[in-house]
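Report on the following structure.
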Amino acid sequence: MSALWSVGAGLLLLLLWVRHRGLEAVLVHHRWVFVCFFLMPLSILFDIYYHLRAWAVWRLHSAPRQHAQRVRHIQEQVREWKKEGSRRYMCTGRPGWLTVSLRVGKYKKTHKNIMINLMDVLEVDSERQVVRVEPLVTMGQLTAYLNPMGWTIPVVPELDDLTVGGLIMGTGIESSSHIYGLFQHTCVAYELVLADGSLVRCSPTENSDLFYAVPWSCGTLGFLVAAEIKMVPAKKFVKIHYEPVRGLQKICEKFTEESKKKENSFVEGLMYSLDEAVIMTGVLTDEAEQSKINRIGNYYKPWFFKHVEKYLKADRTGVEYIPSRHYYHRHTRSIFWELQVRSDIIPFGNNPVFRYLFGWMVPPKISLLKLTQGEAIRKLYEQHHVVQDMLVPIKSLEKSIQTFHVDLNVYPIWLCPFILPNNPGMVHPKGNEAELYVDIGAYGEPKSKQFEARASMRQMEKFVRSVHG
């Protein structure tokens with residue numbers, strides 16, 4: 001009973017303090033209070049709801065039966081739009097704040113909203129090694145569903161809440177992409193509702209022009225209602241090797257060398273300054289040395305990028321065995337390093353005391369952070385914060401990192417290699433053969449004195465075009 005009194009007294013004092021300071025002032029200058037006491041518990045409730053829903057759908061086998069009915073409802077909405085004269089553009093009715101993208105979807109207020117409630121795994125075909133899913137299935141949901149069956153997908157982008165539809169229509173990449181390509185390259189078929197209300201299936205052999213045009217189209221060609229994705233056998237662990245490298249030229253040479261090795265199941269680099277990085281390579285395995293197992297996904301563990309940095313500070317190599325699903329979602333708890341660099345969210349989030357007491361509630365949902373950030377914070381991020389990925393040929397890696405350093409000066413920087421096949425569609429290498437590319441990701445507050453949001457981004461876009469990125 002005394003514990004309840006303590007909690008009650010604490011909440012009362014918190015409310016009195018908020019009232020004294022003013023809610024707007026607290027949200028802008030002490031946002032971590034709101035995040036810790038409201039958004040983190042709410043995020044847990046969100047997760048519980050979606051887990052229970054997924055469990056019920058699986059137990060009742062309702063997803064395959066109801067899918068056709070839901071698709072017909074989407075078709076009816078599109079045909080109704082045509083009857084109304086097609087006067088407005090269409091868009092998905094999913095609220096903009098629910099997406100992982102930082103973009104604020106103001107267009108949803110003026111467009112015709114088509115409600116698409118498709119968030120289930122439809123079928124696992126072990127014989128064809130294909131899983132058929134609806135577009136709002138998330139990476140966390142999919143790996144949790146497949147791994148107990150002994151399967152996974154070849155490319156698992158790190159954040160739990162990334163959806164299949166977003167990764168197909170936009171960009172999906174993972175440290176296995178040097179073998180399998182982007183997320184779109186692991187898909188074997190799409191099903192779409194087009195602007196006339198018709199339902200079509202497309203694949204490399206069926207409506208192939210549409211199939212190759214869908215990736216990177218950002219939903220402009222139709223509403224994705226299902227996708228078929230390749231599966232590969234899952235293994236228990238990723239044996240990961242950490243190697244600190246110093247000197248920009250050596251970093252680029254080592255990263256390129258490892259990216260070309262097909263025996264590496266995974267390749268990833270984290271740069272902590274212009275001339276300091278840790279290059280990680282991993283292989284899938286079912287065997288592990290017990291003393292070297294690191295369940296990095298446990299809530300009380302250090303954030304992954306901070307754990308990696310220890311090898312750099314100690315200037316030593318290392319080998320660990322990380323459970324596969326922990327590895328796939330290694331950047332989820334810290335949203336890469338956004339929870340650290342965005343000091344208004346949880347500035348003490350990696351503190352051991354906080355991790356042990358409250359780490360099980362981390363991370364707060366990106367969607368809830370967007371919903372509650374307010375106009376003042378949104379404008380502040382637009383002008384003083386970047387979340388940018390530059391996809392360039394790996395031969396331009398050194399020049400590209402130097403450009404990032406001069407124009408942004410944001411660290412850590414994420415390096416992830418991928419093979420870009422010469423497929424039809426909007427995204428392909430300049431030549432006639434597949435080419436090795438690299439995703440250079442900068443997420444944080446630019447330290448460059450010459451940074452100006454709009455002008456700097458335009459300058460970087462110009463550079464990317466110049467190297468055929």
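The values are calculated or read from the model by the stated rules, or taken from the named source; none is laboratory data. Since the structure is predicted, the reported quantities are computational estimates derived from the model, not experimental observations. Positions of Cβ are backbone-derived with ideal geometry, glycine not excepted, and every protein chain shown enters the neighbour counts. What goes into the accessible areas is simple: the full protein's heavy atoms, side chains included, and nothing from ligands, DNA or RNA. Shrake-Rupley method; radii C 1.70, N 1.55, O 1.52, S 1.80 Å.
Before moving on, here are some points about what is shown:
- Among the residues of region 280-308, those identified as free of Cβ contacts under 8 Å to residues at least 40 places away in the same chain and open to solvent by 30 Å² or more (accessible area, probe 1.4 Å) are E289, Q290, S291, K292, R295, G297, N298.
- One residue stands out in region 198-220 among those that are open to solvent by 50 Å² or more (accessible area, probe 1.4 Å) and under 23 Å from the mean Cα position of the chain (by Cα): the one that is modelled with the highest pLDDT, namely Y212.
- If you go through region 247-257 and keep only what is open to solvent by less than 100 Å² (accessible area, probe 1.4 Å), more than 20 Å from H178 (Cα to Cα) and not in a loop (DSSP other than H, G, I, E, B), you end up with just L248.
- Applying a threshold of 9 Å to beta carbon distances and a minimum spacing of six or more residues, or different chains, the list of pairs starting in region 385-402 at a residue that is outside the structural domain of S448 (by the TED database) and within 15 Å of I173 (Cβ to Cβ) and ending at one that is of a type in the set (D, E) and at pLDDT 95 or above is empty.
- In region 218-232 there is no residue that is free of Cβ contacts under 8 Å to residues at least 40 places away in the same chain, within 27 Å of Y145 (Cα to Cα) and either in a helix (DSSP H, G or I) or not aliphatic (A, V, I, L, M) (or both).
- Qualifying residue in region 266-281 (condition: assigned by the TED database to the domain that holds R330, under 25 Å from the mean Cα position of the chain (by Cα) and part of a loop (DSSP other than H, G, I, E, B)): yes
- Checked against the criterion of being at pLDDT 95 or above, more than 23 Å from the chain's Cα centre (by Cα) and closer than 24 Å to V362 by Cβ, region 242-256 has no qualifying residue.
- Residues in region 426-461 that are open to solvent by 30 Å² or more (accessible area, probe 1.4 Å) and part of a strand (DSSP E or B): E435 only.
- For K260, the stated conditions hold: it is at pLDDT 95 or above, open to solvent by 30 Å² or more (accessible area, probe 1.4 Å), of a type outside the set (D, E) and over 30 Å from L199 (Cβ atoms).
- A search for C-beta distances below 7 Å between a residue of region 63-81 that is buried (at least 17 other Cβ atoms within 10 Å of the Cβ) and any residue that is in a helix (DSSP H, G or I) and not hydroxyl-bearing (S, T, Y), counting only pairs 6+ apart in sequence or on different chains, returns A63/V57.
- Residue within region 134-146 that is more than 27 Å from F304 (Cα to Cα) and buried (at least 22 other Cβ atoms within 10 Å of the Cβ) present: yes
- In region 388-405, the residue that is nearest to R454 (Cα to Cα) out of those that are surrounded by fewer than 18 Cβ atoms within 10 Å (Cβ to Cβ) and out of contact with any Gly (no Cβ under 8 Å at 6 or more places or on another chain) is Q402.
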